[in-house]
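Report on the following structure.
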Amino acid sequence: MTKLLKSLLALASLAALGTAGANVTPEWIQADFNGDGQKDAIYTSNLADIVFNPQGEVIGWYVKVQPGKAIIKRTTNKQTNAVGYDFSALQKAGNGVASNLVGQDGGKALEVRIPGVTGAKTAEPMQLATDIPHNRLTATFRYSQGAATVTKAVVLHPRQFNVQATFNVTGASGYSVNFAGLSRNADPAVKAAAQGGQLQSGQTQVQNIQYAAMQDAINHGFLGLGSNSYTASALIVRPQSGTTANVSTTTGQKAALSLTGLSGESRFDVYGGKNELIHLYQEGYTKLPGVFEPNLFGQISLLVVKFMEWLYSFLGNWGLVILVLTVVLRLAIWPLMQTQGRTTAKMQMVQPLLKEAQEKYKDNPQQLQAETMRLYRENNVNPAGCLSMFVPFPILIALYSTIRNFEFDQGLGWIPDLSIPDPLYILAALYVLANLLQLYVSTRKTPQMFKQQSFIYLIFAYFAITFPAGVTMYWIISTLIGAGQQFLINKQVEAHMAGGLQRVERVAGPRAAKTVDASASKSTPARTTVVKPLKPSKPATDKK
């Protein structure tokens, strides 16, 4: 068993080293993405990689499953030292590392169509700019088609899924802007809502829209944790102030949105990212009717986010916010964890006696059960007390989900971004040490149990390496507080039960018996039965 655990640990560590520690520097890459001989503009960041062709049409919109992972590989020609890029991992559909929002069969997003105008689109050189201090990358695309000239300007924010898009068409009386997707879903949910009107779903036409969207369905799964929460995507288009647009929607495998009734200049906010509550809330899309209906855990998560934002208004640092939030939560559930901690401490104290009973009555299950219940009763141990640890689980799950999906706009210390894994693995090491400390505190009376379980916590280091740094910080702080609470409980229980633990040993004679304190030395075993132990000098009832 130990060899198996060591093997699993080694495999997990290798896998983790290959997936973590990444931090993508936001930038523009100019390269031929699809092999058509033209240079495309590829925007890359921790959250997504978006590919624009020379006309400013999106031909690949890849939302990363694991934020911070570099999917595009930079290559160097050994003979010429020329720098190139390997896009193969990004282009593979269903690769588990990114979700492509652009539709199948050559579908595009941000595609301008002019009624009655066909033919080649002659593009001018792209204008790309990167402004990291102000957290924005911009691009301007211009091309002509027939007598019309189309200009597109996009503003991308590396810490957001939202894209600001501006269209200006001259030489034509009107135009439409089209979005195809979602490429992995045969039938995404398609919906639109009019300004001040009701939400409409399916294939429809809506005038003067408030927004239009294509969204993957969310499988909330066990305890509200969506089994597809990492891969479910959404493409939501919202006209900015001053822009009026209609929409025609298409459903099925070739689902699409066509924004019509446009002329001159039009402006839109386009959300292309995870169909997930926290990101949608942070970027202002949950205010739109019908975009996302949170369940119970979602409602709790929203309360947590609002509390975090309130703390940030005072503290000004997200790392400190996580620290204070975790401490407040642990204090709130302290009484519940106190009950569970007492049960754990008492179980430690009686564990040696239970093992003795199991050895003595291994051939008599009924007597073993009776002796076990007697030990529990006379030492005031309630095994069901451990069930109290499940009471705060909804809050813990909601908090974990919130921090996991929250997009922090700063780092802390050596961590450049709390939304991605720690690139130096320091938090992962602290996570393992904190869990081993808690395990030791909980099992110090049973060293064998500590040895058996310690390898499992080492394997969990893989998750600490791949989790966002903010999540790992939360687990470390929470675990240390839990270990401290258990240490205090252990001291209280040990002092209270001192001299009160009793065991019955076998002595010579067919029915003779004697009662021995648990701290006394063992007498010579013989074939006997067990009778009542001596009453402890102190009451066995635990004072709450």
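Counting just the residues of the stretch 273-300 that are among the β-branched types (Val, Ile, Thr) and more than 13 Å from Leu399 (Cβ to Cβ), which one comes out surrounded by the fewest Cβ atoms within 10 Å (Cβ to Cβ)? Taking the candidates together, the pick is Thr286.
Taking the listed residues Thr260, Thr249, Thr243, the one that is in a loop (DSSP other than H, G, I, E, B) and of a type in the set (Val, Ile, Thr) is Thr243, with no other qualifying. Counting only helices (runs of 4 or more DSSP H) wholly contained in the stretch 446-497, the ones carrying 1 or more residues that are at pLDDT 75 or above and among the hydroxyl-bearing types (Ser, Thr, Tyr) occupy 461-466, 469-497. Out of everything in the stretch 96-139 that is assigned to a strand (DSSP E or B), in contact (Cβ under 8 Å) with a residue 24 or more places away in the chain and not aliphatic (A, V, I, L, M), what residue ends up being surrounded by the most Cβ atoms within 10 Å (Cβ to Cβ)? Of everything passing the filter in the stretch 96-139, Ser99 is surrounded by the most Cβ atoms within 10 Å (Cβ to Cβ). Listed by first and then second residue, the pairs linking a residue in the stretch 45-57 that is surrounded by fewer than 24 Cβ atoms within 10 Å (Cβ to Cβ) and in a loop (DSSP other than H, G, I, E, B) to a residue that is modelled with pLDDT under 95 and hydroxyl-bearing (Ser, Thr, Tyr), with Cβ atoms under 8 Å apart and 6 or more places separating them unless they lie on different chains, are Asn46/Ser419. For the stretch 312-327, a tally of residues being among the small types (Gly, Ala, Ser) and surrounded by fewer than 17 Cβ atoms within 10 Å (Cβ to Cβ) returns 2.
Residues that are at pLDDT 90 or above and within 30 Å of Lys274 (Cα to Cα): which helices (runs of 4 or more DSSP H) entirely in the stretch 284-361 hold 1 or more of them?
Details: elements: 296-315, 318-332, 334-360.
It comes to 296-315, 318-332.
Does the stretch 387-402 contain at least one residue that is modelled with pLDDT of 80 or more and more than 20 Å from Ala332 (Cα to Cα)?
Filtering the stretch 387-402 down to residues modelled with pLDDT of 80 or more leaves 402.
With more than 20 Å from Ala332 (Cα to Cα) added as a condition, the list becomes none.
No, there is no match, as no residue in the stretch 387-402 is modelled with pLDDT of 80 or more and more than 20 Å from Ala332 (Cα to Cα).
Look at Pro115 and say whether it is closer than 29 Å to Ala212 by Cβ and modelled with pLDDT of 90 or more. First the steps, then the outcome.
On the way: closer than 29 Å to Ala212 by Cβ: yes; modelled with pLDDT of 90 or more: yes.
Yes, satisfied.
Scan the stretch 140-153 for residues that are surrounded by fewer than 19 Cβ atoms within 10 Å (Cβ to Cβ) and part of a strand (DSSP E or B) and the total you get is 6.
Every residue, every condition in (1) of a type outside the set (S, T, N, Q); (2) in contact with a Lys or Arg (Cβ under 8 Å, 6 or more places away or on another chain); (3) farther than 15 Å from Tyr474 by Cβ, yes or no:
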{"position": "Glu283", "(1), (2), (3)": "yes, no, yes"}
{"position": "Thr286", "(1), (2), (3)": "no, no, yes"}
{"position": "Pro294", "(1), (2), (3)": "yes, no, yes"}
{"position": "Ser301", "(1), (2), (3)": "no, no, no"}
{"position": "Val305", "(1), (2), (3)": "yes, no, no"}
{"position": "Leu311", "(1), (2), (3)": "yes, no, no"}
{"position": "Phe314", "(1), (2), (3)": "yes, no, yes"}
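For Ala232, the conditions (1) modelled with pLDDT of 90 or more; (2) among the hydrophobic types (A, V, I, L, M, F, W, C); (3) more than 16 Å from Asn178 (Cα to Cα); (4) crowded, with 21+ Cβ neighbours inside 10 Å are fulfilled apart from (1). Of all residues in the stretch 364-381, those that are at pLDDT below 70, over 43 Å from the mean Cα position of the chain (by Cα) and among the polar types (S, T, N, Q) total 0. Which numbered condition in (1) crowded, with 17+ Cβ neighbours inside 10 Å; (2) under 18 Å from the mean Cα position of the chain (by Cα); (3) of a type in the set (A, V, I, L, M, F, W, C) is the only one that Leu303 fails? Evaluating Leu303 over (1) crowded, with 17+ Cβ neighbours inside 10 Å; (2) under 18 Å from the mean Cα position of the chain (by Cα); (3) of a type in the set (A, V, I, L, M, F, W, C) leaves (1) as the failure.
The values are calculated or read from the model by the stated rules, or taken from the named source; none is laboratory data. In this text, all values refer to a predicted model and were calculated from it rather than measured experimentally. FYI the Cβ positions are ideal-geometry reconstructions off the backbone, even for glycines, and counts take in every protein chain you see.
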